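K.L.:
Here you go, one structure.
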Amino acid sequence: MRASYNAAFAYGKPREANRFNAAHGAWYAALDVETCLREVAHHMSEFLARSGQLKGVVEYAEMFASMAGEFVDLRQTPAHPCLDPDPAVGYPIGNAIADAARGQGLNGIIYPSVRQAGGTCIAALRPHAVQSVAPGAVYRLEWSGDREPAVTRISG
């Protein structure tokens, strides 16, 4: 499991929701680093495109973790409407699923990556679901005018 824990549960994004969190925070992860990097790069590219400048450098630390508890599993329904790549379509449905999962006492959602074919992602909806966190490698993503950044492993 790889993800960034920086304030994942402390901050919701009610004005700009993600797929499975708006009013509540969530820890987003993937089963492999390539999927993580693809997901992170997509969202950062969207942010940079809105700013009018596809230029920037960010560093992301890989974090290993295990997940505990029961999760909604969408891997067998890759065409589920919550996985629509258009945020206006997929995100409201995804947030409704996350709210229902929280209401049922479930810890998160496992789903096929929207940005990396064959990748598997996890959205942990409760802090206690994320356990045994340990640091991994650090990656630098650099945008020089294209939506796809150059990715360099800089440590680990």
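None of the figures in this text is laboratory data; all of them are computed from the coordinates on show. What you see is a predicted model; the values in this text were computed from it and never measured. Glycine gets a Cβ as well: all are built from the backbone with ideal geometry, and neighbour counts include every protein chain shown.
K.L.:
Could you list all residues from the range 99-156 that are of a type outside the set (Gly, Ala, Ser), in contact with an Asp or Glu (Cβ under 7 Å, 6 or more places away or on another chain) and without any contact (Cβ under 8 Å) to a residue 40 or more places away in the chain?
P.N.:
Within the range 99-156, 106, 110 meet the criteria.
K.L.:
If you check residue 23 against the conditions, is it among the hydrophobic types (A, V, I, L, M, F, W, C), closer than 19 Å to residue 148 by Cβ and touching a Pro at 6+ places or on another chain (Cβ under 6 Å)? Break it down into steps so the answer makes sense when it comes.
P.N.:
Working: among the hydrophobic types (A, V, I, L, M, F, W, C): yes; closer than 19 Å to residue 148 by Cβ: no; touching a Pro at 6+ places or on another chain (Cβ under 6 Å): yes.
No, not satisfied.
K.L.:
Which members of the range 98-123 meet the condition of being in a helix (DSSP H, G or I), surrounded by fewer than 20 Cβ atoms within 10 Å (Cβ to Cβ) and not charged (D, E, K, R)? Before you say what the answer is, go through the steps one by one.
P.N.:
Of all residues in the range 98-123, those in a helix (DSSP H, G or I) come to 98-103.
Going one step further and asking which of them are surrounded by fewer than 20 Cβ atoms within 10 Å (Cβ to Cβ), we end up with 99-100, 102-103.
Listed by number, the residues that qualify are 100, 103.
K.L.:
Do you know which residues across the range 84-97 are over 15 Å from residue 39 (Cβ atoms) and outside any helix (DSSP H, G or I)?
P.N.:
Let us first name the residues in the range 84-97 that are over 15 Å from residue 39 (Cβ atoms), namely 84, 86, 88-89, 92-93, 95-97.
Those that are over 15 Å from residue 39 (Cβ atoms) and outside any helix (DSSP H, G or I): 84, 86.
K.L.:
Is it true that residue 120 is polar (S, T, N, Q) and in contact with a strand residue (DSSP E or B) (Cβ under 7 Å, 6 or more places away or on another chain)? Break it down into steps so the answer makes sense when it comes.
P.N.:
Details: polar (S, T, N, Q): yes; in contact with a strand residue (DSSP E or B) (Cβ under 7 Å, 6 or more places away or on another chain): yes.
So residue 120 passes the test.
K.L.:
Additional query: Suppose we keep only residues that are in contact with a Gly (Cβ under 8 Å, 6 or more places away or on another chain) and hydrophobic (A, V, I, L, M, F, W, C) within the range 28-53. Which one would you say is surrounded by the most Cβ atoms within 10 Å (Cβ to Cβ)?
P.N.:
My answer is 30.
K.L.:
Is at least one residue of the range 68-83 touching a Gly at 6+ places or on another chain (Cβ under 8 Å), assigned to a strand (DSSP E or B) and touching a residue at least 24 places away in the same chain (Cβ under 8 Å)?
P.N.:
yes
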